[in-house]
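Before any comments, here is the structure.
The values are calculated or read from the model by the stated rules, or taken from the named source; none is laboratory data. Bear in mind that the values here come from a model prediction, so they are computed numbers and not experimental data. Note that each Cβ is placed from the backbone with ideal geometry, even for glycine, and that neighbours are counted across all protein chains shown. The accessibility values were calculated without ligands, DNA or RNA, using every heavy atom of the protein model including side chains. Shrake-Rupley method; radii C 1.70, N 1.55, O 1.52, S 1.80 Å.
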Amino acid sequence: LLTISLCALSSEDVLSKDAGECAICLEELQQGDTIARLPCLCIYHKGQVFHEWFEVNRSCPEHPSD
């Protein structure tokens, strides 16, 4: 089981190209957005919705059983 620490996700990353839909907030991931990149390499918008998700769910929403 892959568990995620919010401390491990504290660095900011900026998306270099459009990347489809964020599985957490359901908005499009667009070039220039600030993102969080998980150890499984999935990416999400970094913000309040992301932090709320990971306070409750300590796994990737796209790989919950990893």
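A few comments on the model shown:
- Identity of the residue in segment 45-59, touching a strand residue (DSSP E or B) at 6+ places or on another chain (Cβ under 9 Å) and either part of a loop (DSSP other than H, G, I, E, B) or polar (S, T, N, Q) (or both), that ends up modelled with the highest pLDDT: Lys46
- Candidate set: segment 35-44, residues that are in contact with an Asp or Glu (Cβ under 6 Å, 6 or more places away or on another chain) and in a strand (DSSP E or B); chosen: the one most open to solvent (accessible area, probe 1.4 Å): Arg37
- Tally, over segment 12-34, of residues that are at pLDDT below 90 and surrounded by 13 or more Cβ atoms within 10 Å (Cβ to Cβ): 6
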